[in-house]
Amino acid sequence: MRLRILGSAAAEGWPAMFCSCPACQKARANGGKDLRRRTAYMLDDDTLIDYGPDIYAQSLEFNLDLAKVKRLLITHSHTDHLTPRELTWRRKGFSTAQNLMKIYANQASADRINECPTYDSLEPLKAELHILKPGDKLVDEDLTIQTILADHAQPPEEPLNYILERNGVCVFIGNDSGWWCQESWDIIGQYKYDIVIIECTYGVRWPEQRAKHMGANVSVAVRDELKRLGCLKENALVAVNHFSHNIQNLHTDLEQFFNPKGILVGYDGMILER
Ligand SMILES: [Zn+2]
Ligand SMILES: [Zn+2]
Ligand SMILES: [Zn+2]
């Protein structure tokens, strides 16, 4: 299974659009791994995880054929993870997509999708909405989808993280979230992972942050807890992702902290394969 990171920034992107702070200036000068689009992932070539405002640019940058996408998994309703109006372009006259694309989302995300003013319904877009709750587990063709409750968006929204299994390979995508509740850990502990994404919005600057988002020490503690639970397969790939530019830690700063601990630092275009 191949997981490609399409974006590695928090909501504002990095460089942030209207920001000239030192970290944004350095990112503009450095380019490469310091340019971070809004967080999203492509699993193999048929499953997108999140659909933020950079999806079109990501499709160009990483040569994605979005017409092949069979399913869209939305974590939560925040605008960096969900841009419903970009679904508009699946409609006849603009798209050759033939398949029915399934959109899996929590209720708050489904409400945003249904209320988007640029289309009347999902039918002409050849898209179909499936509402998920935390703890749901379902099988869609050869992909097993398990949700857990994330520690993130304001109630009553129930933000989701996803555990995905295909051909015996298991991926856990853990953003956006702080440290999970026990019910979520109980589900996390039932799987053995080949690839794990841990979020790190607060970076090395605020390392102890553990509510709603995580800082670097808490990201490491997640990896350690997964190890303690026996949930990491040998040679599992563990990467941190979803960084706010406010941390001011450039890619090499993050690598200096994480690489000696055996944790990879996500960047746009990174491929994790098992
Ligand atoms: Zn986010
Ligand atoms: Zn900045
Ligand atoms: Zn969020």
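For region 2-267, the equivalent ellipsoid derived from the Cα gyration tensor has semi-axes of 28, 23, 17 Å, listed largest first.
In angstrom, the C-alpha Rg and Dmax of region 1-127 are 15.3, 46. Among the chymotrypsin sites (Phe, Trp or Tyr not before Pro) within region 1-66, those in coil by DSSP and having at most 16 neighbouring Cβ atoms inside 10 Å are Phe18, Phe62. Taken one residue at a time, the phi angles of region 147-155 give Karplus couplings (6.51, -1.76, 1.60, θ = phi - 60°) of 9, 10, 6, 7, 9, 8, 5, 5, x Hz. Gly and Pro are set to x. Scanning the chain for GluC sites (Glu not before Pro) lying in DSSP loops with no more than 16 further Cβ atoms inside 10 Å, the longest uninterrupted stretch between such sites is 1-114.
Applying 0.36 nm per residue to the separation of Gln98 and Ser121 and subtracting their alpha-carbon distance, the gain on full extension is 6.6 nm.
Taking Cα centre as origin and charging only the Cβ of basic (Lys, Arg, +1) and acidic (Asp, Glu, -1) residues, the dipole magnitude of region 2-267 rounds to 520 debye.
Roughly how many Å is it from the Cα centre of region 77-152 to that of region 7-70, as a whole number? For region 77-152 versus region 7-70, the Cα centre distance is 19 Å. Evaluated at q = 0.15 Å⁻¹, a Debye calculation over the C-alpha positions of region 139-274 (equal weights, vacuum) places log10 I(q)/I(0) at -0.70. In sequence order, region 36-52 has phi-based couplings of 10, 7, 5, 5, 7, 9, 10, 9, 6, 10, 10, 9, 9, 10, 6, 8, x Hz under the Karplus curve 6.51 cos²θ - 1.76 cosθ + 1.60, θ = phi - 60°, and Gly or Pro positions carry x. A straight line joining the Cα centroids of region 229-258 and region 205-221 runs 11 Å.
In this structure, the amide hydrogen of Met101, modeled 1.01 Å from its nitrogen in the peptide plane, lies closer than 5 angstrom to those of Ala127, Glu128, counting only residues at least 5 positions away or on a different chain.
Spin-label model, Cys19/Gln190: points 7 Å from Cα along the beta carbon direction are separated by 3.8 nm.
Within the shell of other residues whose beta carbon sits under 14 angstrom from the beta carbon of Asp44, the net charge comes to -2, with Lys and Arg scored +1 and Asp and Glu -1. Here region 198-255 yields Rg over Rh of 1.00, to two decimals, using C-alpha coordinates and the Kirkwood radius.
Simple spin-label estimate for Trp179 and Lys70 gives 3.9 nm between the two label positions (7 Å along the Cα-to-Cβ direction from each Cα). In straight-distance terms, cross-link reach from Lys227 covers every one of the aspartates and glutamates whose alpha-carbon lies under 15 Å from its own, apart from those fewer than eight places away in the same chain; here that gives Asp186, Asp194. Here the label points at Ala221 and Gln256, each 7 Å from Cα along the C-beta direction, are separated by 2.5 nm in the simple model.
Annotation: amide H of Leu82 within the under-5 Å range of Tyr51, sequence separation 5 or more or interchain, hydrogens built in the peptide plane. Each residue of region 20-26 is assigned a 3J(HN,Hα), and the resulting list reads 10, 5, x, 5, 6, 4, 5 Hz, derived from the Karplus form 6.51 cos²θ - 1.76 cosθ + 1.60 (θ = phi - 60°), x at Gly and Pro. Think of it as helices only: each DSSP H run of n ≥ 4 in the chain is worth -39500 (n - 2.57), and spread over all residues that comes to -5500 deg cm²/dmol at 222 nm. A cut-off of 5 Å between modelled amide H atoms, ignoring neighbours fewer than 5 places along the same chain, links Leu229 with no other residue.
FYI, it's all coordinate maths here, none of it is from the lab. Computed from a prediction, not measured in an experiment: that's the story for all the values here. We place every Cβ from the backbone using ideal geometry, glycine too, and count neighbours over all the protein chains shown.
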